Amino acid sequence: MAAQHAPVESPRDRETVGEQHHLDLVYRRLEEKIHEAEFLMADAARRGQVGTPGALAERDAQVFRAGLHLNRLNAEFEDFLFGRIDLLPGKDGKRGPDGAHTSVEPADGAIRTDEEGRARAEIAETLHIGRLGVLAADYTPLVIDWRAPAAAPFYRATPVDPGRVVRRRVIRSKGRKVLGVEDDLLRPEVTATLDGEELAVIGDGALMAALGRARGHTMRDIVSSIQAEQDQVIRAPAASVTEVDGGPGTGKTAVALHRAAYLLYQDRRRYAGGILVVSPTPLLVAYTEGVLPSLGEEGQVAIRALGSLVDGAEATAHDAPEIARIKGSARMQQVLRRAARGALDLGGGGGGGGDGEGASTTATSTTATSTTADGAPRPAPDRLRVVVFGRRTELGPEELREVRRAVFGNAGTPVNLLRPRARRLLLDALWAKSGAADRHPTDPELAREAREAFDEDVVDEPGFQEFLAAWWPELGPRAVLAAMADERRLGRWSRRVLTPAEARRLARALRRLGPDGRGPLSVHDVALLDELRTLLGAPARPRRREADPLDQLTGLEEVTTFADRTARRAPDRTAGERAEYAHVIVDEAQDLTPMQWRMVGRRGRHATWTIVGDPAQSSWSDPEEAGAARDEALGRRPRRRFTLTVNYRNPAEVAEVAAKVLALAMPGARPPRAVRSTGLVPRYAVAEVTGTDGWGAGAALRAEAARLLDEVEGTVGVVVAMGRRAEARRLLAGLGERVVALGSLEAKGLEYDATLVVSPAEIADESPAGLRVLYVALTRATQRLTVLSTERDAPDADGVPDLLRD
Ligand SMILES: Nc1ncnc2c1ncn2[C@@H]1O[C@H](COP(=O)(O)OP(=O)(O)OP(=O)(O)O)[C@@H](O)[C@H]1O
C-alpha cells in the first residue's frame, strides 16, 4: 500500500510530514484527555441523581474542574503546537518535572571535530513547544508549555549565545494540519545529526514570515517568535517593578501581555488576586483583548482603559489639550481636597452620585430641608437651634465654622465618614453653650448622667437630625465635580493653586456634567472622580427605617444613621471597597497624567508592577510632573529596567520618515532599529483644494485612503487631528470595514497595514506635545505610509511637508 502514497520529494515536505506525525500523536493524546474530561462530567452528572447534599457539592466541584479542562483544551486546539528545538546533550543529565533536561549548557565534548576538521554533534533531545503542556501516557513530554523553564531556550537562544540549541523551528498549523516549518540554525558551524540523519534547515526563519503577514483589527500573540531581548522581560522575576522602555513597534504591548500569561503560569495562587492591564484607550483594549485568551489565560486578567477604571464611570468625552493639562495636573489634588470639604456648604440633596457607588441620596433626602422645591441643593444651614432641658440653645455661623474645623482636625479621614464625629462635636458645643456643664461642678457621676440625658434630648429632636443631614450631607464624587463648574466657587477652592484664568477655563469645561453631575465624562474626569472617591469615602447606603432591625432598640443607637453605625463598625470601608490587584501592568505608561498615576497607584498598593512605555511618544506635556507621580505610585519598590531596541512593526522606509519627527520632538533620542525593509517608499500627496478653514483635505483624503485599500490586503488607518475625527469618518463612509478614521490620540498603540497621516502640521500644532503625537501617528504602518499635506503643511514641489524635510 505504501506505493499509493505520494512520494516525499523535498526536504521541506519531508520535515512537514515529520511534524505532522508528531501533531497527530499530540491530538490523539488530547482526545484521550478530552474523553477523560467528558467521562468525569458524565460521571458527575450521574452522581447528581444521588441527591444528598454532600454528593451534590462533590458533583459541582467535579463538573467545574472537568468543564474547565474541556474548555481549555477546546480553546487551545488552534495552532496548538508551534515550536520545536533540537538540543545537544546537557552538562549534568538532570531532568525537570516536565521530563526535559534542565541544563542550559551543553555537555563537555558534545561537539567534536572530525578528521576533516568539521564540527560535528549528535542531537540528544528534541522538544516541541505549545500553548499548553501535554504528557504522553508514559509521562514523556509531547508538548512543553511555552512558559515552562524547558521552553526558555526556544526564545533565548541566539547565534551568539546558543546554549544547547542547534536548531529552532517554528511550526505553522491550521487545526490538525501542519502547513509548514521555518527554521533558524543557531550553530551554523556544526553539522548535527539526529537519529543518524543530518539535520535539515528549512526557510528563512519565522520572524520575517510573521512580520510580513497582513493585519486584522486585533492583535495576534507572538508566542512562536518572541525574541531573546523580549523573553528577558517576559520571564523577569515579579518581585518588584519591571520597567520597560523602547521605541514604537518594539513589542512592548505584546511583551506586557505575554508577561501576564507567564506570571499566571509561574504562580497562579499569588496572582489569584488578579492582574490589571491598564491601557490608554478603549480602542487599544479592544485591539489587545484576544491575546491572553489565545495564550490560554482568561478571567484572572482585567484589561481596562484609563477611562473605565472607576466602576460605573465610562469616559466618552474628549478634553481640549489645555483643559486636559489642568485636569491631569498634580495640582488638582489640592483643589479637590478643598472641594471635597467645601462642598459641605452646598448642603444636602446635591449629593447625587451615579458613579457606581449606588450613592448618595441618603438620610438627607428623607428630611424636608435638604432640597428646594425645584430639586436644587439648598445651602447648608448656618445656625443650629435646639430646645433642651426647657432652654433654647443656639450655635451661630462662627461657632459652627469652628466646630467644622475641629471635625476635620488634622487627620485625612474621608469627609463622608466624619459625620459621627460632626454629631459628637456639635453635641459638645451645644452642651458647652447651654451652661449645663456648670450645674454639677463637684459630682462627676451626676454630670455624666446629665450629659447623657442632654445628648438624648438633642438627638431626639427631629430638627437636630435634619440639621445634621443638611450641615454634613453625604457627598457623591460626581456632585462635587459638578459643583466645581461654578466659577466663583472653584475660584475659591483653587486659590493660589490654579491661576484665575485656569480656574475659569476648568469651571467652564465642567459645565458639561450638568448640575447633577450626570453628563458625559472625559478620561481626565474619571481620575478626578477616583480622587474624590478617596477624599469623600464611600457614601452610606440609603436608610430604610422600616427595614432596619436596630430601630427596635432604644437609646442613642436608635437615632444614629445607618452611615454612623456602619462607619463605626468598619472605619476603613473605603479601602475595602476599592479593587486592588496582585500585579499591575501599565501600557503606554508615558501618557499617564499625575492624577491618573494616583488612580492607578491605588489599585496596586500591594502589587508588583510591569510598566511599559516610550517617553518619545508621550502626549502629556509635563513629563517631570508625571515622573514624580509615577514614583509616588510605585513607592520604594526596587526597580528593574529593560530597553527593547528592535522595531518589528515599521519597515525601515517608514521608520526613516518617523525618525525625522523624533529628531524634532526629542533631539538626541535614538529610534529603534527597524528589522526589515520592504522597498516601498512613503508617498507624499497634497490636497489641492483649500477649505474655508485651511484644511481642504476632503476629496484627497478619500482618494488616498482608497488607493491604500487597493495596495494592501489588510487594514488602513487614517490619522487626523482630534478635531477632525467626525469629518474624516464622514469622508470615508462606504469604503468598507478595512479602513478606519482615528484622531491622533486614538492611534496610540494600534497598527495598520497602511496608514494615511493627514496634515502633520495640524497634528503637531494641536498641543504642546503635538510633535510626539505626530511621531506616534507616523509609526503605525506595517507596510505602507502616505502623508497627505494641506496648505498649512507648506509642502515642497515633491509634496513633502515642511516638518518632514531633511
Ligand atoms: N517577536 C515578535 N514576533 C513577531 N511579531 C512581533 C514580535 N515582537 C513584536 N511583534 C509585532 O510588532 C508589532 C508591534 O508590537 P507592539 O504593538 O507590542 O509594539 P509597541 O512597542 O507596544 O509599540 P508602540 O509603542 O508603537 O505602541 C506587533 O504587530 C507585534 O505583533
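The values are calculated or read from the model by the stated rules, or taken from the named source; none is laboratory data. Computed from a prediction, not measured in an experiment: that's the story for all the values here. As a convention, Cβ positions derive from the backbone with ideal geometry for all residues, glycine included, and neighbour counts pool all protein chains shown. Only protein heavy atoms, including side chains, enter the accessible area calculation; ligands, DNA and RNA are left aside. Shrake-Rupley method; radii C 1.70, N 1.55, O 1.52, S 1.80 Å.
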Check your understanding: Is it true that some residue in region 677-697 is of a type in the set (F, W, Y), under 26 Å from D796 (Cα atoms) and crowded, with 19+ Cβ neighbours inside 10 Å?
Key -> yes
Check your understanding: Mind checking which pairs have a first residue in region 376-394 that is more than 20 Å from A453 (Cβ to Cβ) and a second that is modelled with pLDDT under 85 and surrounded by fewer than 17 Cβ atoms within 10 Å (Cβ to Cβ), Cβ under 6 Å, 6 or more apart or different chains?
Key -> R378/T372
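Residues that are within 16 Å of the ligand (Cβ to nearest atom), of a type in the set (S, T, Y) and touching a Leu at 6+ places or on another chain (Cβ under 8 Å), at least 1 per element: which strands (runs of 3 or more DSSP E) completely within region 726-806 meet that?
Values: elements: 739-743, 752-758, 781-789.
Where strands (runs of 3 or more DSSP E) fall fully within region 726-806 and carry at least 1 residues being within 16 Å of the ligand (Cβ to nearest atom), of a type in the set (S, T, Y) and touching a Leu at 6+ places or on another chain (Cβ under 8 Å), they are 752-758, 781-789.
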Review point. Looking at (1) away from the ligand (no atom under 16 Å from the Cβ); (2) open to solvent by 10 Å² or more (accessible area, probe 1.4 Å); (3) at pLDDT below 95, can you tell me which one A607 breaks?
Key: (2)
Check your understanding: Among L264, L284, L346, L292, which is the only one that is under 17 Å from I611 (Cβ atoms) and hydrophobic (A, V, I, L, M, F, W, C)?
Key -> L284
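If the requirement is being modelled with pLDDT of 80 or more and surrounded by fewer than 18 Cβ atoms within 10 Å (Cβ to Cβ), which of these qualifies: A368, A406? Working first, answer last.
Numbers: A368 fails: modelled with pLDDT of 80 or more.
Within the list A368, A406, the selection yields A406.
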Review point. Out of curiosity, is A628 open to solvent by 40 Å² or more (accessible area, probe 1.4 Å) and not in a loop (DSSP other than H, G, I, E, B)?
Key: yes
Practice item. Among the residues of region 582-604, count how many are away from the ligand (no atom under 16 Å from the Cβ) and either over 23 Å from Y775 (Cβ atoms) or of a type in the set (A, V, I, L, M) (or both). Key: 11
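For (1) part of a helix (DSSP H, G or I); (2) touching a helix residue (DSSP H, G or I) at 6+ places or on another chain (Cβ under 8 Å), each residue gets a yes or a no:
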site	(1), (2)
P667	no, no
R670	no, no
R676	no, yes
L680	no, yes
A703	yes, no
G714	no, no
V719	no, yes
G723	yes, no
Exercise for review: Just one of (1) in contact with a helix residue (DSSP H, G or I) (Cβ under 6 Å, 6 or more places away or on another chain); (2) open to solvent by less than 20 Å² (accessible area, probe 1.4 Å) trips up H440, so point out which.
Suggested key: (2)
Review point. So which of V758, V776, V739 is among the β-branched types (V, I, T), in contact (Cβ under 8 Å) with a residue 60 or more places away in the chain and touching a strand residue (DSSP E or B) at 6+ places or on another chain (Cβ under 6 Å)?
Key: V758
**Study point:** Residue satisfying condition, being in contact (Cβ under 8 Å) with a residue 24 or more places away in the chain and out of contact with any Gly (no Cβ under 7 Å at 6 or more places or on another chain), within set E189, E182, E197
**Key:** E189
Review point. Quick one: how many residues across region 502-527 are under 15 Å from P321 (Cα atoms) and exposed (fewer than 15 other Cβ atoms within 10 Å of the Cβ)?
Key: 1
Practice item. Scan region 237-285 for residues that are aliphatic (A, V, I, L, M) and within 16 Å of the ligand (Cβ to nearest atom) and jot them down. Key: V244, A254, V255, A256, L257, A260, A261, V277, V278, L283, L284, V285
Practice item. Among the numbered conditions (1) within 21 Å of the chain's Cα centre (by Cα); (2) within 16 Å of the ligand (Cβ to nearest atom); (3) assigned to a helix (DSSP H, G or I), tell me where V661 comes up short. Key: (1)
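Which ones in region 246-275 are in a strand (DSSP E or B) and modelled with pLDDT under 95?
Within region 246-275, just I275 meets the criteria.
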Review point. If you go through region 219-236 one residue at a time, how many are within 7 Å of the ligand (Cβ to nearest atom), open to solvent by 20 Å² or more (accessible area, probe 1.4 Å) and at pLDDT 90 or above?
Key: 0
Review point. Is there a residue in region 201-211 that is open to solvent by less than 20 Å² (accessible area, probe 1.4 Å), assigned to a loop (DSSP other than H, G, I, E, B), over 30 Å from V740 (Cα atoms) and in contact with a strand residue (DSSP E or B) (Cβ under 7 Å, 6 or more places away or on another chain)?
Key: yes
Review point. Based on what the data block shows, is V526 in a helix (DSSP H, G or I), modelled with pLDDT of 95 or more and not aromatic (F, W, Y)?
Key: yes
Study note, to complete from the structure: Across region 649-658, the tally of residues that are within 14 Å of the ligand (Cβ to nearest atom) and out of contact with any helix residue (DSSP H, G or I) (no Cβ under 6 Å at 6 or more places or on another chain) stands at 5
